[in-house]
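Here's the structure we're looking at; comments come further down.
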Amino acid sequence: MSLICGGLLESVLRHDLDHENELIRQSLTSTGLLVAQDIQQNVANAIFVTDTLYALLENNNYDMDRFEDWAKQIFSSGVAVSAVQLAPDGVVQYIYPMKGNEGALGHDLLNDTSRDDGARKTVNSKEITFVGPVKLIQNDKYAVIARKPIFVGSGDEERFWGFTIALVLVDDFMPKEIKALEAQGLKMVLYGEDPDVEVNPVFYKSAHWSDSNSVSVKIVVPNGVWILDIGGKVVSHKSHFWFRLLGWIVSFLAFGVIFYQQYKMRNSQLEIIQLNTQLESDIEGKIAAALEKEKLIAELKKALDDVKTLSGLLPICARCKKIRDDDGYWNDLESYFEKHSGLMFSHGMCKDCADELYGDQAWYKKKHSKE
C-alpha cells in the first residue's frame with residue numbers, strides 16, 4: 001500500500017512540475033517576444049536615419065555639401081545613433097560627428113577584405129542590411145551598423161551610387177528593461193549577424209548564462225535574423241525510492257509543497273505579467289514617436305520640393321522691360337516671375353503714372369484738389 005501511495009504521489013508531483021515548467025517556458029517566450037519588439041524598435045530608428053539621409057540626398061540631387069546640416073537635424077530629433085555617414089562608391093567620405101570617428105574616414109567598404117562581405121551582401125540584395133555587433137575601426141567600440149544601398153538611374157543605366165549609414169553603439173541598442181528582467185531571475189543572450197565572421201557575434205550575455213531549459217525567439221531584421229535565447233529557473237525533480245516507499249506517511253507534506261509551489265509560481269507569473277505590461281506601454285510610446293518622426297520627414301521633403309529659387313543673370317529689355325527665357329522668347333516681367341518663382345502679382349498705379357495718364361481730366365483734378 002505504501003508503494004502504491006508513493007507511486008501515486010510521485011506521479012502527481014511529476015505531472016504538476018511538468019505543467020509548471022511548461023507554464024514558465026510559455027512566460028519566457030512571451031517575455032522574449034516583448035524584448036524582441038523593443039529591439040526591433042531600435043532597428044526601426046536606425047532605418048529611419050538611413051532613409052532620412054537618402055531622402056535629403058535625393059532631394060538635393062546627390063549634392064553632399066549640406067551633409068552636416070542634415071546630420072545635425074537628425075541628431076536633434078533624439079534618435080539613439082552614435083554617428084551617421086555617407087559612402088559614395090562604397091568609400092566613407094562624410095561623417096558626423098567627426099570627433100572620435102576620424103579613423104573611419106576613407107574606409108573602402110567594398111575592398112576591405114576583412115569586412116567586405118557585409119557591404120557586398122547589401123549591394124547584391126539592394127536592401128538595407130544590419131551588421132553587428134562589430135568592433136569599430138575608429139574607436140574600438142562595439143556597434144551595430146545599418147547600411148542602405150543607393151542606386152541611381154533605371155534599367156540598363158542603373159548604377160550603384162553608395163551607402164547611407166547609421167551607427168548605434170551596443171550599449172545604446174540593448175533595451176534597458178533587461179536589467180529589470182535579470183533581477184527577476186531571468187537570463188538571456190542575444191546573437192547578431194555578421195557575414196564577415198563564421199560564428200554569429202554576441203550582443204549581450206547575462207552572467208552565469210546556461211542554455212539548458214531556455215527558449216529561442218527570432219528577431220527579423222532587414223536582410224537577416226538575430227536570435228534571442230532567454231531562460232530562467234525551471235523546476236526539476238528526481239525519482240527517489242525512499243520517497244516513494246514512505247510516500248503514504250508524508251503525503252500530506254507533499255500536498256503542502258505542491259500548494260506552496262503553485263502559490264510561488266502564480267506570484268512569479270503576476271510579476272512577469274506586470275513587467276510585460278510596462279514593456280508594452282513603453283513600446284507603444286516609442287512607436288508613436290517613430291510615426292511622428294516619419295511625419296516630420298514627409299513634411300520636410302514636401303517643403304524642399306516646393307522651394308523654387310531664381311539666381312544668375314536675367315536678360316531684360318532696356319525699353320519695355322521684357323525678360324528673355326532660355327528658349328529665346330521674350331516674356332512679360334510678371335508672367336516670367338510667376339512661372340519661375342511662385343510669386344503672384346497684384347496691380348495698382350503709382351501717383352506719378354496716374355498724374356501722367358489722367359492729369360488733364362477734370363474729374364481727376366477735382367478729386368485731387370480736395371486732398
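Based on the mean of other beta carbon atoms within 10 Å per residue, what is the order of 287-297, 110-120, 46-56, most packed first?
Result, highest mean first: 46-56, 110-120, 287-297.
With all protein chains present, how much of the accessible area of the range 84-168 (probe radius 1.4 Å) comes from carbon and sulfur, to the nearest whole percent?
The computed percentage sits at 44.
Can you list the lysines whose alpha carbon sits under 29 Å from that of Lys126, skipping same-chain ones fewer than 8 residues off?
List returned: Lys72, Lys135, Lys141, Lys148, Lys218, Lys286, Lys293, Lys295, Lys301, Lys302.
Taking 35 Å as R0, compute the FRET efficiency from the Cβ-Cβ separation of His347 and Ala288 and round it to 0.05. All intermediate terms of the calculation are to be shown ahead of the outcome.
Working: r = 49 Å, r/R0 = 1.41.
Between His347 and Ala288 the formula returns 0.10.
How about Lys179: which aspartates and glutamates have a C-alpha closer than 13 Å to its C-alpha, ignoring those fewer than 8 places off in the same chain?
Asp171
Using a basic spin-label model with each label point 7 Å from the Cα along Cα→Cβ, how many nm lie between Lys135 and Asp89?
Result for the modelled spin labels: 3.0 nm.
Calculated FRET efficiency, Asp63 and Lys322, Cβ-Cβ r, R0 41 Å, to nearest 0.05?
Approximately 0.80, to the nearest 0.05.
Residues in the range 34-65 near a label at Gln73, defined as backbone nitrogen under 14 Å from the 7 Å Cα→Cβ point?
49-65
Put Lys176, Lys365, Lys72 in order of accessible area, largest first, 1.4 Å probe: what do you get?
I get Lys176, Lys365, Lys72, largest accessible area first.
Say each of Arg120 and Gln361 gets a label point 7 Å from the Cα, pointing the same way as Cα to Cβ; how far apart are those two points in nm?
8.3 nm
What lysines sit close enough to Lys322 to cross-link, taking a C-alpha to C-alpha distance under 17 Å and skipping anything fewer than 8 places away on the same chain?
Lys339
What do you reckon, how do His347, His368 stack up by accessible area (1.4 Å probe), largest on top?
Descending order: His347, His368.
Please work out the average accessible area per residue across the range 138-202, using the 1.4 Å probe convention, and give it in Å².
49 Å²
Rounded to the nearest 0.05, what FRET efficiency do Phe160 and Glu299 have when you use their Cβ-Cβ distance and R0 = 35 Å?
E(calc), rounded to 0.05, equals 0.70.
The values are calculated or read from the model by the stated rules, or taken from the named source; none is laboratory data. Nothing here was measured: the structure is a model prediction, and the numbers come from that model. In this analysis, Cβ positions are derived from the backbone assuming ideal geometry, glycine residues included, and neighbour counts consider all displayed protein chains. To get the accessible areas, we keep the full protein, side chains included, count just its heavy atoms, and leave off ligands, DNA and RNA. Shrake-Rupley method; radii C 1.70, N 1.55, O 1.52, S 1.80 Å.
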